[in-house]
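What follows is a single structure, written as C-alpha cells, with notes after it.
The values are calculated or read from the model by the stated rules, or taken from the named source; none is laboratory data. Note that the coordinates shown come from a computational prediction; the quantities given were computed from them, not determined experimentally. All Cβ positions, glycine included, derive from the backbone under ideal geometry; neighbour counts span all protein chains shown.
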Amino acid sequence: MKIRFLAAGATVVVLAAALAGCSGGSNSTSDKGSGDGLKGVTIKYWATNQGASLDADKQILTPELDKFTQQTGVKVDLQVIDWANMTNNTMQATISGQGPDVVNIGNTNATTFNSTGAFLPFDSKSLDAIGGKDKFLASAWSTAGPEGKDPTSVPLYSQVYGLLYNKQLFSDAGLQPPTTWEDVVSDAKKLTDKSKGQWGITMPAGTVNVAMHMQYIFTNQAGGSPFKKDGTPDFTTDANIQGVKQYVSLMSDDKVMNPSDAQFTDGTQATSDFAKGKAGMYLAQTGVVASLKTNGMDSSKYGVVPIPSPGGTSKVGSFIAGTNVSIFKNTKHQEAALALVKFLTSPDEQKILNQAYGTLPPVKDVPAAAYSSDPDLEKAWTDILANNAVAMSLVPTVSPYQANVGAGVVGLFAQAATGKSVSDGDIKSMLTAAQQKMGTN
C-alpha cells in the first residue's frame, strides 16, 4: 500500500455510502464456456503504481503479461495508475460501469469497495478458478474481508511494519535487539546524544497515514480497536488513548525523537536520518529497504524485529498493508479475468513481481525474493507477515479514520515539538473530536 492522498480516501467514503448495495452493471460473461477457449479475448487491467514510476511498472508488468498472453491467448490492455487517482478512478468506474475488467486496490479499501456491490464475489467456484483460498497465507487473506462473507478481492502484494535498528550503534552501546516496548524506550534513551545530533528513534511524525498506522498497531497491542464489532467508531476507549500515547510519548515524554521529526511529512527524511546513523531505530514498512539502499545503507547494517508491545504480552507487531486485486462484476470476460488473477497470484509470478516491487508474497511457500541477499532480513519480514501482523479494521470508513485520527496525532506531535506536554486528556479530546467528525458521538 502506497501513501494515498486524503482527498481520494474521503471521496471513497461518500461514494461508497451512495453506492452501497448497487451493482456495477450486468454480469455478462460472453467468454464463459467458449468452445474456442480464450484466444483473441482482450481484457483491461488497471494496475496501481508500485514501482519507482509509472513507466517502471510498465517495464515490470509488460513482459509478465506477455507470458500470460502466450499461455492463454488472452491479451491484456494495461494501464498503470498512480495511487493519488486510483481510488477515485475505481470508484467512479463503479458508478459509470465503464471500468476495466481487473483492478488493483489498496487492501485497506477492500471493505469499502465490497460495499458498492460492483465487484465479483470470490465464491467457492471463483476461488477454485484462481487456485483456491488455501494457497494464500492466512494473515494476508484476512485483508480480503470479514469472515463469513465472500470477498471481492484477493491479496496480491503485502507489506508490513518492523522495528529497524542500527547494528553498529546497538553494538557500540552494548544493546541487544528489543523484545518489549520498555526495551525500545530504554534503548532509545541510551542512544540519544543531542551533542552528536543522534536520537534514539526517528519517525515521519508529520505524516497522517503513518500516524494512523502506529495508533492502530499500538491500540491492537493494548487489546483494543478503533471500531466496535458493528463497525461503529469507538475512538475514545482506554486502548485507543494508550495507542496514541505510546507513539507520541517518544517525543513528548521520553524525548528520544528529534522535535524536527514533527515536520517530516513523508518517509524520505526519516529514512535518510536512519541511513546516516542519526537515529538508532526506525519503525518502517517493508518497502523502505530500497530507499535505505539508495541512501547508502546496505541491509547488513541493520536488523529487523517485530514492533514490540508493552511487556512483550502481545504478538501484534504490524498491520498488513499492501495491494489486493479485484474483478468488476459487469465484465464481459469473467473467465479471462479469473485466469489473469490466477496467473498474477501463481507462485512463479508472485516471486517475480514481489521481488521487483520489494513487497512480500501473500501466497504460501513463496520466498521473499526481494530480500534473498540477506537471509536474516528475508526471515524477519516473512515471519512478521505470517505471525505478527493483523488486518486493518474491515469497515468501509477506514479512510476517514485515517484522515481524522491520523491528522489529530500529527497535531499532538506538533504540540510536543514545541516542548508542551501531551496529557491523556489532550489525547482523549483529540479522539473525541475525531469521532465526532465521523458522525458518531
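Tell me, please, whether a residue that is of a type outside the set (F, W, Y), modelled with pLDDT under 95 and touching an Asp or Glu at 6+ places or on another chain (Cβ under 8 Å) can be found in the stretch 127-150. Yes, the stretch 127-150 contains at least one residue that is of a type outside the set (F, W, Y), modelled with pLDDT under 95 and touching an Asp or Glu at 6+ places or on another chain (Cβ under 8 Å). Any residue at all in the stretch 155-171 that's of a type in the set (D, E, K, R), at pLDDT 95 or above and out of contact with any helix residue (DSSP H, G or I) (no Cβ under 9 Å at 6 or more places or on another chain)? No; the residues of the stretch 155-171 include none that is of a type in the set (D, E, K, R), at pLDDT 95 or above and out of contact with any helix residue (DSSP H, G or I) (no Cβ under 9 Å at 6 or more places or on another chain).
The selection criterion, being more than 23 Å from D55 (Cα to Cα), surrounded by 16 or more Cβ atoms within 10 Å (Cβ to Cβ) and polar (S, T, N, Q), does not hold for N89. Within the stretch 37-89, the set of residues being within 23 Å of A110 (Cα to Cα), more than 21 Å from the chain's Cα centre (by Cα) and polar (S, T, N, Q) comprises Q79 only.
The selection criterion, being loosely packed, with under 14 Cβ neighbours inside 10 Å, modelled with pLDDT under 50 and outside the structural domain of A403 (by TED's automatic domain parsing), holds for S28. Pairs linking a residue in the stretch 66-94 that is on the phi > 0 side of the Ramachandran plot to a residue that is outside any helix (DSSP H, G or I), with Cβ atoms under 8 Å and 6 or more positions apart or on different chains, are G73/G37; G73/L38; G73/K39; G73/G40; G73/V41. For the stretch 279-294, the set of residues classified as closer than 14 Å to P204 by Cβ and more than 23 Å from the chain's Cα centre (by Cα) consists of A279 only.
Take F328 and tell me if it is of a type in the set (F, W, Y), over 23 Å from S53 (Cα atoms), within 17 Å of the chain's Cα centre (by Cα) and crowded, with 23+ Cβ neighbours inside 10 Å. Considered against the rule, which asks whether it is of a type in the set (F, W, Y), over 23 Å from S53 (Cα atoms), within 17 Å of the chain's Cα centre (by Cα) and crowded, with 23+ Cβ neighbours inside 10 Å, F328 comes out as no. Which residue is farthest from the chain's Cα centre (by Cα), if the candidates are limited to the stretch 104-159 and must be of a type in the set (D, E) and in a loop (DSSP other than H, G, I, E, B)? So the residue we want is D123. When each of Q436, Q415, Q402 is tested for being crowded, with 23+ Cβ neighbours inside 10 Å, of a type in the set (S, T, N, Q) and assigned to a helix (DSSP H, G or I), the lone residue that passes is Q402.
Out of curiosity, is T207 surrounded by fewer than 24 Cβ atoms within 10 Å (Cβ to Cβ), in the same structural domain as S421 (by TED's automatic domain parsing) and out of contact with any Asp or Glu (no Cβ under 8 Å at 6 or more places or on another chain)? Criteria not met by T207. Only one entry of A368, A356 meets the criterion of being assigned by TED's automatic domain parsing to the domain that holds I43, at pLDDT below 95 and within 30 Å of K149 (Cβ to Cβ), and that entry is A368.
Quick one: is T382 without any contact (Cβ under 8 Å) to a residue 12 or more places away in the chain and within 30 Å of S272 (Cβ to Cβ)? No.
Exactly one residue out of T286, T271 is in contact with a helix residue (DSSP H, G or I) (Cβ under 8 Å, 6 or more places away or on another chain), crowded, with 21+ Cβ neighbours inside 10 Å and free of Cβ contacts under 8 Å to residues at least 40 places away in the same chain: that is T271.
Annotation: of all residues in the stretch 48-73 being in a loop (DSSP other than H, G, I, E, B) and of a type outside the set (A, V, I, L, M), the one that is surrounded by the fewest Cβ atoms within 10 Å (Cβ to Cβ) is S53. Can you tell me which of A321, A339, A369, A356 is surrounded by fewer than 22 Cβ atoms within 10 Å (Cβ to Cβ), within 29 Å of G131 (Cβ to Cβ) and touching a residue at least 60 places away in the same chain (Cβ under 8 Å)? Answer to the selection: A356. Of the residues examined, T268 is not one that is closer than 30 Å to G40 by Cα and in contact with a Ser or Thr (Cβ under 8 Å, 6 or more places away or on another chain). For the stretch 420-431, indicate whether the set of residues that are within 26 Å of P146 (Cβ to Cβ) and part of a helix (DSSP H, G or I) is non-empty. Yes, the stretch 420-431 contains at least one residue that is within 26 Å of P146 (Cβ to Cβ) and part of a helix (DSSP H, G or I). Scanning the stretch 189-209 for residues being in contact (Cβ under 8 Å) with a residue 60 or more places away in the chain and either in a loop (DSSP other than H, G, I, E, B) or out of contact with any Lys or Arg (no Cβ under 9 Å at 6 or more places or on another chain) (or both) gives a total of 10. Candidates in the stretch 300-334 are the residues that are outside any strand (DSSP E or B) and β-branched (V, I, T); of these, the one that is farthest from T382 (Cα to Cα) is T331.
Between T62, T94, T87, the distinction of being within 15 Å of T331 (Cβ to Cβ) and of a type in the set (S, T, Y) belongs to T94 only. Taking the stretch 372-387 as the search range and keeping residues that are aliphatic (A, V, I, L, M) and crowded, with 18+ Cβ neighbours inside 10 Å, which one is nearest to S300 (Cα to Cα)? Restricting to residues being aliphatic (A, V, I, L, M) and crowded, with 18+ Cβ neighbours inside 10 Å, the top hit is L377. Is it true that some residue in the stretch 292-301 is touching a His at 6+ places or on another chain (Cβ under 7 Å) and within 18 Å of V160 (Cβ to Cβ)? No, the stretch 292-301 contains no residue that is touching a His at 6+ places or on another chain (Cβ under 7 Å) and within 18 Å of V160 (Cβ to Cβ).
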